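The values are calculated or read from the model by the stated rules, or taken from the named source; none is laboratory data. None of the values given here were measured: they were computed from a predicted structure. Here the Cβ positions follow ideal geometry from the backbone for every residue, glycine too, while neighbour counts run over all protein chains shown.
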Amino acid sequence: MKSLHIGIAGAGPAGLASALFLARAGHRVEILERYDRPAPVGSGLLMQPTGLTVLNELGLFETIRALGSRIDRLHGADALSGRTVLDVRYDAAPGGRYGLAVQRAALFDTLHDAVVSEGIPIRTGLSILGNAPRGDRTALIAASGDDVGTYDLVIDATGARSALIAGSSVAPNVRNLAYGAFWATLDGGHANYDRAALSQRYDRAKVMIGVLPAGRAKPTEPERIAFFWSLKVADAEAVKAAGLDRWKTVIRTYWPECAPFLDQIRDWDQLVLARYAHRTAKPPFVGNVAFIGDSAHSTSPQLGQGANMALLDAAALSHALATASDLASALRNYARARRNHVLLFQLLSLVFTPFYQSDSYAIAWIRDRLVSTVATIPPVQRLLASIVAGTLIDPFAATGLRERDWLDQTMSDRLPA
């Protein structure tokens, strides 16, 4: 395919990764960002072997690995009885896989620094509200109503609240989820927590508290943790009105070891309320506008796949453009490459989420007494490890990637920093 002029709306991980792939492939790329200064949004996240393989392909794996915290398992216990109800270990499946917990700032800076170093232009202060055909090209339209660029291909990486996909013919139906979460990034210090696990405590399915080691935003900074507390979005204002001290008391009752983290929270402004929605664009393109990441699909973060899915989208779109003879074929190939993997994990998220975020007593009872028992059986342990890793079905071949060899780093990753 000839070199294309590509406009990427959004300077999040999906947009930045796409810019790197496509600029390196010889396309003329520019990023359009609504903020005056691009910056990360959110607390911590769990990079899975899928997203880490994409970063490895971009030559950024060692940079992010040095900043993140290696995660070997996901562990959850009943807050009242202490009984383990979730214990998923990456090593239950072969291959030496693991997760890497990172601060969103670390992931953003790693990608953004690479984009800047390669001279890919980022135009800031542009809120993209729409697009319009200009012959066989597409113009992006800002809030002012002016065209801000005309491109052979537009990539929408503006996230779940994308105005571009909302105004398109493939706009997905949006199912807002009742439960969200308060998130905060806090100092780990000398607190007592498992530094190799995502740890959670539950009271049935109506309460979920979590601590995720999140590494460093920069090499010189101390390690931090991402702390989260699940709640119904509709109850958030009532929780705030009851007061911060009351909220802390409830959490200490469930999980006393969280006290060092709670002591750092002195104002509600330190907490970000995350809202979640389930949506999938079918197909993830219209005309010569491609949708990637949360613009194309989003769901509950229960399986920890969001940023990883976005990076896979970026790799898949780049591969499709590199192997097709024309743009229309490339976009169809991109949709085909991601279809099964996205739909599978959207379905799994819908199935698993009620077990950890819902009002159902029955579902929580099944989780605690039946699912937790079945999950100790070796074949099921391996299945769960593959689900968490994002590799239940192969996401790599159709994306043009070869999964990173994890075994060559297993021992060195365990050495003290």
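Within the range 143-162, can you find the residues that are of a type in the set (A, V, I, L, M), at pLDDT 95 or above and either in a loop (DSSP other than H, G, I, E, B) or touching a Ser or Thr at 6+ places or on another chain (Cβ under 9 Å) (or both)?
Leu153, Val154, Ile155, Ala157
From Asp136, Asp78, Asp113, grab the single residue that is touching a strand residue (DSSP E or B) at 6+ places or on another chain (Cβ under 8 Å) and not small (Gly, Ala, Ser).
Exactly one residue qualifies, and that residue is Asp78.
For Ala322, are the conditions met, namely being in contact with a helix residue (DSSP H, G or I) (Cβ under 6 Å, 6 or more places away or on another chain), at pLDDT 95 or above and surrounded by 14 or more Cβ atoms within 10 Å (Cβ to Cβ)?
no
Assuming Ile120 fulfils every condition listed in (1) in a loop (DSSP other than H, G, I, E, B); (2) farther than 30 Å from Arg28 by Cβ apart from one, which condition is it?
(2)
Only one residue in Phe345, Phe352 is aromatic (Phe, Trp, Tyr), under 30 Å from Arg24 (Cβ atoms) and within 19 Å of the chain's Cα centre (by Cα), so which one is that?
After ruling out the rest, the residue left standing is Phe345.
For Ala114, which of the numbered conditions (1) under 30 Å from Asp408 (Cβ atoms); (2) without any contact (Cβ under 8 Å) to a residue 40 or more places away in the chain fails to hold?
Result: Ala114 passes all but (2).
Please pick out the residue among Leu407, Leu348, Leu370, Leu392 that is surrounded by 16 or more Cβ atoms within 10 Å (Cβ to Cβ) and over 20 Å from Arg279 (Cα atoms). Break it down into steps so the answer makes sense when it comes.
Numbers: Leu407 fails: surrounded by 16 or more Cβ atoms within 10 Å (Cβ to Cβ); Leu348 fails: over 20 Å from Arg279 (Cα atoms); Leu370 fails: surrounded by 16 or more Cβ atoms within 10 Å (Cβ to Cβ).
When all the criteria are applied, what remains is Leu392.
Restricting the range 199-224 to residues that are part of a loop (DSSP other than H, G, I, E, B) and within 18 Å of the chain's Cα centre (by Cα), which is farthest from Phe261 (Cα to Cα)?
The residue in question is Ala217.
With the requirement that a residue be in a loop (DSSP other than H, G, I, E, B) and either modelled with pLDDT under 95 or within 15 Å of Tyr193 (Cβ to Cβ) (or both), what does the range 252-270 give you? Write out each step before concluding.
Restricting attention to the range 252-270, the residues satisfying the condition of being in a loop (DSSP other than H, G, I, E, B) are 255, 263-267.
Selection gives Trp255, Asp263, Gln264.
Quick check on this structure: which one of Ser81, Ser69 is free of Cβ contacts under 8 Å to residues at least 40 places away in the same chain and among the small types (Gly, Ala, Ser)?
After applying the criteria, what remains is Ser81.
Would you confirm whether any residue within the range 242-250 is surrounded by 13 or more Cβ atoms within 10 Å (Cβ to Cβ), modelled with pLDDT of 95 or more, touching a helix residue (DSSP H, G or I) at 6+ places or on another chain (Cβ under 6 Å) and part of a strand (DSSP E or B)?
no
Among the residues of the range 225-240, is any closer than 30 Å to Leu350 by Cβ, acidic (Asp, Glu), under 27 Å from the mean Cα position of the chain (by Cα) and in a helix (DSSP H, G or I)? I'd like the intermediate steps shown before the answer.
Narrowing the range 225-240 to residues closer than 30 Å to Leu350 by Cβ: 225-240.
Keeping just the survivors that are acidic (Asp, Glu) gives 235, 237.
If we keep only those that are under 27 Å from the mean Cα position of the chain (by Cα) too, we end up with 235, 237.
Retained after the next criterion (residues that are in a helix (DSSP H, G or I)): 235, 237.
Within the range 225-240, one or more residues are closer than 30 Å to Leu350 by Cβ, acidic (Asp, Glu), under 27 Å from the mean Cα position of the chain (by Cα) and in a helix (DSSP H, G or I).
Can you confirm whether Glu57 is acidic (Asp, Glu) and crowded, with 18+ Cβ neighbours inside 10 Å?
When the stated conditions are applied, Glu57 passes them.
Tell me the residue from Gly159, Gly76 that is farther than 30 Å from Arg367 by Cα and within 24 Å of the chain's Cα centre (by Cα), please.
Working: Gly76 fails: farther than 30 Å from Arg367 by Cα.
Exactly one of Gly159, Gly76 is farther than 30 Å from Arg367 by Cα and within 24 Å of the chain's Cα centre (by Cα), namely Gly159.
Contact list please: Cβ distance under 7 Å, first residue in the range 34-54 and at pLDDT below 90, second residue among the basic types (Lys, Arg) and not in a loop (DSSP other than H, G, I, E, B), pairs at least six apart or on different chains.
Pro40/Arg104; Val41/Arg104; Gly42/Arg104; Ser43/Arg104
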